[in-house]
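The values are calculated or read from the model by the stated rules, or taken from the named source; none is laboratory data. In this text, all values refer to a predicted model and were calculated from it rather than measured experimentally. We place every Cβ from the backbone using ideal geometry, glycine too, and count neighbours over all the protein chains shown.
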Amino acid sequence: MIARIARIFWNLRPPAGWNLPVLLALGVFAGLVAGTAHVSRATSYLSDDPRACINCHIMTPEYASWERGSHGRVATCNDCHVPHDNIVRKYYFKAKDGARHASMFTLRMEPQVIRMHEPGQKVVMENCLRCHSNLFAGTGSDVSGPVGLASAAVHKDDGRQCWECHRETPHGRVHSLSSTPDARVPPLESPLPQWLERSLSQEKKP
């Protein structure tokens, strides 16, 4: 196996005289990738920290409304917006959704008002039922009261979603960029290293 891998790498080697240019090109490419990952805070998306969501300014209304709502005390963004049945599906969904968001923001296709697409709605619905499963215990002959009625509707799978009734949870009804221009969220940290920031600030001093 090792010999086969070594043979593949040997066959991919550059022609004689091209070793140095190819190494330099690979080094520049690796540096650009690392720099882009650092500036975009790419590693933050591997965590469950809600502040990763506000790397993109368009998410500030969602962050502010979540932080000040009831879910801000008990759940993070990933508790609702990514699958939790297994880790492979969780990070596959994050990668797929993140690539979609990044391409839209890069191409300036982002809408003024964020709306979930269908795969995201299914995941959020799964997590609503997962977290609030204690509210849906009454089914069958022991259905009684509003909790039982909600349980019966959910278990019939009639296509209704939790937020059709709970419209203010957790982001409210009005949360576009133009309606919340001064939403207070944690400021983004500078991607510049501290030594470079200090050097630049000293140069600006008279």
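The set of residues from segment 57-84 being outside any helix (DSSP H, G or I) and under 11 Å from HIS171 (Cβ atoms) comprises just one member, GLY69. Scanning segment 1-38 for residues that are surrounded by 11 or more Cβ atoms within 10 Å (Cβ to Cβ) and under 30 Å from SER178 (Cβ atoms) gives no hits.
Remark: pairs (first residue in segment 13-36, modelled with pLDDT under 90; second residue in a helix (DSSP H, G or I); Cβ separation under 7 Å; 6+ apart in sequence or on different chains) = PRO14/VAL22.
The conditions are (1) surrounded by 14 or more Cβ atoms within 10 Å (Cβ to Cβ); (2) in a helix (DSSP H, G or I); (3) in contact (Cβ under 8 Å) with a residue 12 or more places away in the chain, and MET104 fails exactly one of them. Which is it? So MET104 meets the others, but not (3). Entry remark, segment 32-56: residues being in a helix (DSSP H, G or I) and within 13 Å of the chain's Cα centre (by Cα) number 11 in total.
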